[in-house]
Amino acid sequence: MATAMAQPAQESREQWNHQAGFILAAIGSAVGLGNIWRFPGVAYSSGSGAFLIPYLIALLTAGIPILFLDYAIGHRFRAAPPLAFRRMAKWAEPLGWFQTGLLFVIGIYYAAVIAWAMSYFVFSFDLRWGDDPATFFVSEYLQVGDPVVSTTPVWGVLIPMALVWILMLVVLLLGVANGIGKLNMIFIPLLVVIFTALVIRALFLPGALDGLDAFFTPDWAALADPNVWIAAYAQIFFSLSIAFGIMITYASYQRRKANMTSSGLVVAFANSSFELLAGIGVFATLGFMAHQANTQVSELEGLTGPILSFVTFPKVIAEMPGGNIFGMLFFASLVLAGVTSLISIMQGVSASVQEKFSIDRIKAGLIVSILMGAVSLFLFSTTSGLIALDTVDMWSNNIGIVLSAIVMSILTIWIMRRGRELRIHLNAVSTFKVGPWWTVLVGILGPVVLGFMLVQRVITLITEGYEGYPGWYIGVFGWGTIAFVFIVSVVFTLIPWRRKEFSDAQFNAWPPVKENRS
Ligand code: PHE
């Protein structure tokens, strides 16, 4: 046994400084814009209090199991997605590039949203948005034009965006332990403190309790609606950052003997707690808004997504005593939550490139951040930014990621038949043991539920279009996004590996599973 467990001697791979570094980075990736602006609105429109049931079921049946799958793949095969999948089976490399391609796409628009939040942090000082935050956001700040591709720069967006990309570059160059690890070590505790202060303040606003009532009063009938269940699964996926290859990458920097499943539970639990906290904070604030307008929360509009953060919230902030500080705390939270998610995206892409081309971390970091920064600035700092962002977001999250999750679980469990091996791997290093139920959830329930979701979405998008945007536009920015990611997976797979041992995909995974049958 002792020899079977002996670890392979040398390992040049970067590593987290300690277990906490990994956990905080994983939480940093999971806790993002999705928690603050997506969860409260989705929960509210999908049965309010009753939504917690599908949400919890989705977390337990798909969220945590697929999080464990990501961890197991990354930790056992010790690479970013393309090489990790290649090490499982040579032909599986395109799936890795598909995930990397999705990260590329998400990263370039995520940076824009962080930039908006930075601007709004500054605008909070003098409530620059005035009495009509909707017009301010769309016309004055973003200068939104028709959905056409525009090259007119919007300086108020371009400058903070450039800052975001410089920060990404610096952190990437500092590396996993000293860059990403330290960034999260500072940003995550700061985020928790700031956001908790914000929620406590919100709870003392007049009308706050009505807001909480609206948020928590269950609408049981919603549970009969399949769309509510779809919304719950979609929320869990996006929110936990699973099936994007991020958790594969992060887990690959864990020491060989690191408690994987227990950290997974901590991450999942922390993410959901933060989500709930955000729901409470957002709805307490909306309760105040309804109170001010002498109406009900149910009458309010703009309760999710960019509109919630950049139109509805500014409106409430302007009416609130001490609104400037509230605004600063809110937008600072968005920036902190966003930056820690974006860096996980960047590391996923950068590590994939680094391994494929056998270049060092510095080179890969430079190439990837400059390239992504340039594309991101070109597409999203112009007057067509908002609409492009909304469309790309819809397709990458509702089609791309679901597809990636389905293919990943089917290939891993059914085609490559790695389910048992990965389960044994997790159990060999972790204290929380996963039973055969895990394989069933990942291999059967997951693909069935997700497959159903995917078909539904595709039908709706084809028959109803999206937001009334013209067909050609949806073709280019919506379906085009998916086509782009497909092309990335084919083209990058065809490029030869520079290092022979990667090209052969021979890899002695540790611990060896045969000697470790338990
Ligand atoms: N999990 C992040 C959130 O909740 C979003 C994200 C998705 C981050 C994919 C990285 C990768 O906002």
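Each reported figure results from applying straightforward, stated rules to the coordinates on display, with no laboratory input. Note that the structure is predicted; figures quoted are calculated from it, not measured. Positions of Cβ are generated from backbone atoms using ideal geometry, with glycine treated the same way; all protein chains shown enter the neighbour counts.
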For each pair in Lys90/Lys356; Lys182/Lys363; Lys182/Lys433; Lys182/Lys356, compute the distance between the two Cα atoms and list the pairs where it is over 19 Å.
-> Lys182/Lys363; Lys182/Lys433; Lys182/Lys356
Cα centroids of region 452-518 and region 367-430: how far apart, whole angstrom?
-> 7 Å
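Which trypsin sites (Lys or Arg not before Pro) does region 457-518 hold that lie in a coil by DSSP with at most 10 other beta carbons within 10 Å? Could you put the intermediate results ahead of the total?
Details: sites: Arg457, Arg498, Arg499, Lys500, Lys514, Arg517; in loops: Arg498, Arg499, Arg517.
Within region 457-518, the qualifying trypsin sites (Lys or Arg not before Pro) (loop, at most 10 other Cβ atoms within 10 Å) are Arg517.
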For the Val458, Ser298 Cβ pair and Förster radius 30 Å, calculated FRET efficiency rounded to 0.05 is 0.45
Distance in nm between Asp219 and Ile444 label points, each 7 Å along Cα→Cβ, equals 3.4 nm
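For the ranges 165-171, 21-27, what's the packing order if you count other beta-carbon atoms within 10 Å of each residue, average per peptide, and put the highest first? The partial results should precede the final answer.
Working: 165-171: 19.1, 21-27: 25.1.
For the peptides 165-171, 21-27, the packing ranking is 21-27, 165-171.
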Within region 240-282, backbone nitrogen closer than 12 Å to the virtual label 7 Å beyond the Cα of Ser12 toward Cβ | none
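Report the gain in length on full extension from Met416 to Ile159: 0.36 nm times residue separation, minus Cα-Cα distance, nm rounded to one decimal.
Going from the current span to full extension adds 87.8 nm.
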Given charges at beta-carbon only (K, R positive; D, E negative), |dipole| of the chain in Debye | 2680 debye
What is the dipole size for region 219-330, taken about its Cα centre, with +1 at each Lys and Arg Cβ and -1 at each Asp and Glu Cβ, in debye to the nearest 20?
-> 780 debye
R0 of 25 Å, Cβ-Cβ distance Val138-Val375: FRET efficiency to nearest 0.05 | 0.60
Once you put a point 7 Å from the Cα of Asn178 and another 7 Å from the Cα of Val490, both along the Cβ direction, what distance in nm separates them?
-> 4.2 nm
Alpha carbon convex hull of the chain, volume per residue in cubic angstrom = 135 Å³
Toward the positive end of the charge dipole of the chain, about the Cα centre and with charges on Cβ (Lys, Arg +1; Asp, Glu -1), which of Ile325, Ala20, Met453 goes farthest?
-> Ala20
Rank Leu209, Ile66, Phe484 by how far each Cα sits towards the positive end of the charge dipole of region 2-515 (+1 on Lys, Arg Cβ; -1 on Asp, Glu Cβ) and give me just the farthest.
-> Ile66
Please list 390-399, 415-424 highest first by mean number of surrounding beta-carbon atoms within 10 Å per residue.
-> 390-399, 415-424
